[in-house]
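Input: a single structure, listed below in structure tokens.
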Amino acid sequence: MMWLWRSRRGLVYRPEMNDMNEIPLIITVALYCVLAAKKKPVFGQMTLTGMLALDWMKPGTETTATKIQIGHPSQFESDWNVPEWAKEKAYVALLYPEDIFSNPIFVSQASIVKWLEAQCSVWEEAGAKVSMAKNIATIEFEENFPVMVFNRDEKAGKFAPYLCALKE
């Protein structure tokens, strides 16, 4: 490869830079790129790695959902920033809020996922659009978005089941 250097006289050929110097340079740059790569964050806001952020389910959460997805955590990790501990769960859900600028709410608590599965069958009978892709069950609402409230008794401990209700 010919090396050209910029000088006052324009581009100048430097014959002392030969092909033998290129190989260690290329290897050094490749190693730097591999070692400088950042580790994927476990959970967070919009990430710089291309993973989309999710919000946590917290006691007292109230959301108006336009879409609900239920599936195994491994099905979501290609698009979303799913935490490592959630990959042990059988099923998780994503609740997409009506506000398009909000992150979806990540649901890993079994009490909420069971309630959502039961409610989705009711909504499906009522005419909501249901689809299945990549082993993810999706229900979309075109109108009459459900308003859901999720509460947990804080005195019962952090593993107490959530109480789920529809708000009218």
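With a Förster radius of 25 Å, plug the Cβ-Cβ distance of Ser131 and Asp79 into 1/(1 + (r/R0)^6) and report the FRET value to the nearest 0.05. Could the numbers behind the result be given before it?
Values: r = 16 Å, r/R0 = 0.64.
In this case the efficiency is close to 0.95.
Give me the net charge for the shell around Val149: Cβ to Cβ below 10 angstrom, other residues only, Lys and Arg +1, Asp and Glu -1.
Details: positive: Lys167; negative: Glu62.
Net of charged neighbours comes to 0.
Only the coordinates and a few stated rules stand behind these numbers; no lab work does. What you see is a predicted model; the values in this text were computed from it and never measured. Backbone-built Cβ (ideal geometry, glycine too); neighbour counts: all protein chains shown.
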